[in-house]
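Please read the structure below before turning to the comments.
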């Protein structure tokens with residue numbers, strides 16, 4: 001079998017350790033691959049003024065598939081303050097490297113499954129009729145448009161005259177902000193294109209059809225954000241009617257959806273949203289299945305794909321003498337990569353192994369034991385990052 005080449009992107013903080021454990025699991029499952037490491041993250045911002053060096057882009061252009069750990073992002077001024085002295089004052093502006101990757105390679109389709117693991121002590125529970133305790137099974141897949149919307153990066157503080165005059169052509173701007181001095185304005189745009197919106201909608205409907213989900217829910221805010229959210233819902237209606245009549249189309253507002261999250265999460269199947277609302281609703285559903293330690297994702301483009309857990313770099317945990325973080329989200333992201341590569345048998349074996357470890361309940365990381373993340377949790381019976389990966393490997 002020809003070995004595939006995977007670009008490993010450790011990033012920052014706990015990214016390196018969870019990525020190393022995921023690769024150990026892949027090796028144990030006999031996935032044949034070579035790994036080349038790409039430079040990405042905070043260290044490269046500080047030393048080079050670029051958290052996504054050109055050499056890393058070249059690696060992904062060549063090998064097409066990346067497995068990503070986590071990155072640190074800080075606000076504009078804090079990021080500038082940490083630059084090496086020789087780079088300060090040169091007008092460099094920090095931009096999240098994972099957002100930059102998505103935009104550079106047009107990784108516009110983000111898929112975030114949120115599925116209950118049987119026996120997970122962190123699963124959502126609620127009170128039902130007669131005060132009974134219920135544990136609804138969640139099986140939701142969020143499709144998040146990954147490159148546009150509020151994360152598109154089209155922003156200004158004290159906008160240039162051309163932009164300012166363009167904004168003044170809108171009566172609502174004149175009415176609400178016409179008397180605000182230009183230098184006091186900060187503006188972030190929310191731009192949706194028809195092409196990208198239709199692409200994410202079709203991807204969500206195709207997934208629902210392929211895997212037997214009964215509904216696709218557009219989770220936006222068309223009653224207020226009429227142009228962008230409105231376009232997404234209108235296109236969804238057209239696509240559903242023409243090509244997917246057997247799949248129900250539901251429409252929820254993001255604020256109401258977050259309320260209904262804990263009322264009837266088992267009723268939802270595929271959810272599709274723009275960049276910001278997709279980010280919000282995916283974290284909300286991740287909370288129902290145990291938190292970000294269980295939340296995996298895929299960023300898919302037409303030529304390049306990158307797979308990552310949705311948690312951050314958790315820098316406070318990175319320097320612990322023994323790593324305590326939960327690697328399941330990273331391992332599950334690796335399974336999504338395997339599915340993408342057609343290695344479905346290996347992916348299924350690993351997924352079953354994860355489920356068996358959680359169901360048996362003998363090995364639990366600190367979050368699964370509902371502990372505060374401190375170095376002494378290992379002494380109190382919590383599994384380390386490596387021990388959790390070892391348990392998954394043992395079940396293979």
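The values are calculated or read from the model by the stated rules, or taken from the named source; none is laboratory data. For clarity, every value in this text was computed on a predicted model and none was experimentally measured. A quick note on method: Cβ atoms are made from the backbone with ideal geometry, for glycine too, and the neighbour counts reach across all protein chains shown.
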Note to self: Among the residues of region 355-371, are any closer than 20 Å to residue 6 by Cβ and part of a helix (DSSP H, G or I)?
What the structure shows: no
Margin query: I need every pair where a residue in region 65-88 that is more than 30 Å from residue 303 (Cβ to Cβ) and assigned by TED's automatic domain parsing to the domain that holds residue 10 has its Cβ under 7 Å from the Cβ of a residue that is at pLDDT below 95 and in a strand (DSSP E or B), sequence separation at least 6 or different chains.
Written below: none
Next item on the list: Kindly indicate which of 111, 125 is in contact with a strand residue (DSSP E or B) (Cβ under 8 Å, 6 or more places away or on another chain), exposed (fewer than 15 other Cβ atoms within 10 Å of the Cβ) and modelled with pLDDT of 95 or more.
Entry: 125
Check: What are the residues in region 48-94 that are surrounded by 13 or more Cβ atoms within 10 Å (Cβ to Cβ), at pLDDT 95 or above and part of a helix (DSSP H, G or I), if any?
Finding: 48, 56, 57, 59, 60, 61, 63
Next item on the list: Kindly indicate whether any position in region 31-42 is touching a helix residue (DSSP H, G or I) at 6+ places or on another chain (Cβ under 9 Å) and assigned to a helix (DSSP H, G or I).
Entry: yes
Checklist line | Matching helices (runs of 4 or more DSSP H) fully within region 154-219 where at least 1 residues are assigned by TED's automatic domain parsing to the domain that holds residue 266 | finding: 194-211
Check: When both residues are 6+ apart or on different chains and their Cβ atoms are under 6 Å apart, which pairs have a first residue that lies in region 289-303 and is within 12 Å of residue 67 (Cα to Cα), and a second that is in a helix (DSSP H, G or I)?
Finding: 296/329; 296/332; 296/333; 296/336; 298/336; 299/102
Check: Hey, among 323, 347, which residue is at pLDDT 95 or above, farther than 30 Å from residue 62 by Cβ and either assigned to a helix (DSSP H, G or I) or assigned by TED's automatic domain parsing to the domain that holds residue 19 (or both)?
Finding: 323
Next item on the list: Those residues that are part of a loop (DSSP other than H, G, I, E, B) and under 24 Å from residue 265 (Cβ atoms), I need them from region 226-244; list them, please.
Entry: 244
